[in-house]
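Okay, so here's the structure we're looking at.
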Amino acid sequence: YLQAQSQTVSICASILRSPAQIAEEKLQTYSKAIHGTSGSAALAAAVRAQRLLNALRLPSTASAPGVAAVLEKARTEGLADEVAKRLKAAEVHVPEDLAFPAPVGEQPPPQLPATNGQALPVAAATTPAPAPAMAA
């Protein structure tokens, strides 16, 4: 437990200290997997890489120091194009907002109505029916 906790703390500290450096290392790992494997392993690495690239483009991340350089490097070294090509060939779409869409053929779950800071109405309480009497 302590070893896992120590590793978790170390990784979190690294991410907070330099998100761009961690992102670049992960993209290098994904690139090696994309080019060094085939089939579902390569496709899984492409999905991970695309999700990371999309996350780096989110407003909350894009302004972090060094992130723009990581995105540019992924573009100029061809990783972004290679990932897009593999995903297109497999007909896999990774949403830019990182949402997980409902499975094909299923309706997405219902969304809660916007409340604008208001409390949601509470359903009226019902009185449960009395329990049936047990025979003696």
Note, ³J(HN,Hα) from phi for the range 6-11, Karplus 6.51, -1.76, 1.60, rounded to Hz, x at Gly and Pro: 4, 5, 5, 4, 5, 5
Å² per residue, accessible surface of the range 1-80 at 1.4 Å: 63
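Report, to two decimal places, the Cα Rg of the range 1-97 normalised by 2.2 N^0.38 Å (N = number of residues).
On the way: Rg = 14.3 Å, N = 97, 2.2 N^0.38 = 12.5 Å.
Working it through for the range 1-97, the quotient is 1.14.
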Furthest towards positive pole of dipole, V94, L53, A69, structure part the range 1-109, Cβ charges: A69
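Leaving out ligands, DNA and RNA, and with a 1.4 Å probe, what % of the accessible surface on the range 1-103 is carbon or sulfur? Walk me through the numbers on the way to the answer.
Working: 3960 of 6850 Å².
Reported share for carbon and sulfur atoms: 58 percent.
The values are calculated or read from the model by the stated rules, or taken from the named source; none is laboratory data. Just so it is clear, the structure is predicted and the values come from calculations on it, not from any experiment. For neighbour counting, all protein chains shown are included, and Cβ atoms are generated from backbone atoms with ideal geometry for every residue, glycine included. Note: areas computed on protein heavy atoms with side chains; ligands, DNA, RNA excluded. Shrake-Rupley method; radii C 1.70, N 1.55, O 1.52, S 1.80 Å.
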